[in-house]
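Take a look at the structure set out below.
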Amino acid sequence: MTRPDTAEAPRADKRFGQNFLHDRRVIDRIVAAIAPRPDDCIVEIGPGEGALTAPLLDAGARLTALELDTRMLPGLERRFGDSANARILHADALATDLATLYPDAGTIRLVGNLPYNISTPLLFHVLRFAGIVTDMHFMLQREVVARMCAAPGGKEYGRLTVALAAQARVEALFDVAPGAFRPAPKVTSTVVRLRPAMPEVPLQAPERLDALLRAAFAKRRKTLSNALAGVCTAAELETCGIDPRARAETVPVTDWIRLANHLARG
């Protein structure tokens, strides 16, 4: 068992978007959703005070914690530094090559209470490693999860929705009230599970898809023929069954993938 940290913990810092999870019932529910197994290779993004770190290690998992805030490192080292299964790294998750953390493992699992201010860039970053990830369990602002799970046609449907759906199944698990954190945020959070998976139409050109989505959703009020001018032609849109007069938010994920694959083939 990991020992509790009796030293006074640093206060949450707004620069890092910190809200520390403290509600034991919520912690237990998250860990139950993750269902850690002995010898799982888990990467935890932003462990903070170690609320999730402790039960994951107690389950026998191998865990690497990436913590950017140097003030949190002494407490994490005191609690988990003597665990053979724990590794605490001062690192920016946005700049970390996740493939290097467990080079001998077949796959890794990702966990984190993601800071609200960088949650979307982090999601795009971890997508780069979908090929070596078994699953991801993140806590995010509820509005972000709504965008992740959105259906075509609504304002929540956007670049993030399509990029995730092209490489993973996204499942919103449960909401977490502000009172579960210290300090309490002004928003409700949601725990979400992502499992890398091939969609109906396999994505063959992720970089081309990203370029399309950036262009189209940056001008989402314009028709696709206007928003994608210089990126693809109206004829290429029609070849993939997409109406050039449509707007980005109405195009299903499979059509975006077909278009990216078609453009990549030249």
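The values are calculated or read from the model by the stated rules, or taken from the named source; none is laboratory data. Only a predicted model underlies this, so the values are computations on that prediction, with no experimental measurement involved. No Cβ is skipped: glycine too gets one built from the backbone with ideal geometry, and neighbour counts run over all protein chains shown. Only protein heavy atoms, including side chains, enter the accessible area calculation; ligands, DNA and RNA are left aside. Shrake-Rupley method; radii C 1.70, N 1.55, O 1.52, S 1.80 Å.
Quick rundown of the values:
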| quantity | calculated |
| --- | --- |
| Förster radius 41 Å - calculated FRET efficiency between A184 and A95, Cβ distance, rounded to 0.05 | 0.85 |
| Point-charge dipole on Cβ atoms (K/R +1, D/E -1) for the stretch 21-137, about Cα centre, debye to 20 | 180 debye |
| Phi to ³J(HN,Hα) by Karplus 6.51 cos²θ - 1.76 cosθ + 1.60 over the stretch 227-243, Hz, x for Gly, Pro | 5, 9, 4, x, 9, 7, 9, 4, 5, 5, 4, 5, 4, 9, x, 10, 6 |
| Karplus (6.51, -1.76, 1.60) ³J(HN,Hα), θ = phi - 60°, over the stretch 48-53, in Hz, Gly and Pro reported as x | x, 8, x, 4, 8, 4 |
| Stokes-Einstein D in µm²/s, Kirkwood radius over Cα pairs - the stretch 164-266 at 25 °C with 0.890 mPa s viscosity | 159 µm²/s |
| Largest-first ellipsoid semi-axes for the chain, taking √(5λ) over the Cα gyration tensor eigenvalues, angstrom | 38, 19, 15 |
| Amide H contacts of I42 (H built 1.01 Å from N, under 5 Å, at least 5 apart or other chain) | R62, L63, T64, R109 |
| Residue-normalised accessible area of the chain, expressed per residue, 1.4 Å probe, Å² | 48 Å² |
| Check: the chain dipole with +1 on Lys, Arg Cβ and -1 on Asp, Glu Cβ, in debye | 800 debye |
| Debye log10 I(q)/I(0) at q = 0.18, 0.19, 0.27 Å⁻¹ for the stretch 144-214, Cα point scatterers | -0.77, -0.83, -1.22 |
| The stretch 30-126: C-alpha gyration tensor shape, a/c 1.5 cut-off, then a/b vs b/c | rounded |
| Highest to lowest packing among 117-123, 234-240, scored as the average C-beta count within 10 Å | 117-123, 234-240 |
| Trypsin sites (Lys or Arg not before Pro) within the stretch 163-213, DSSP loop, no more than 12 other Cβ atoms inside 10 Å | K186 |
| Longest to shortest principal axis, alpha-carbon extents of the stretch 79-134, angstrom | 33, 26, 17 |
| DSSP-loop chymotrypsin sites (Phe, Trp or Tyr not before Pro) across the stretch 94-149, with at most 14 other Cβ within 10 angstrom | none |
| Selection from P244, V191, P36 lying farthest towards where the dipole of the chain points positive, charges on Cβ | P244 |
| Built amide H within the under 5 Å cut-off of L21, gap 5+ | R182 |
| Cleavage-rule hits, trypsin sites (Lys or Arg not before Pro), the stretch 69-151, DSSP coil, Cβ neighbours within 10 Å at most 16 | R128 |
| Rounded if a/c under 1.5, otherwise prolate or oblate - the stretch 100-193, Cα gyration tensor axes | oblate |
| For the stretch 199-204, Karplus couplings with θ = phi - 60° (6.51, -1.76, 1.60), whole Hz, Gly/Pro x | x, 4, 10, x, 7, 10 |
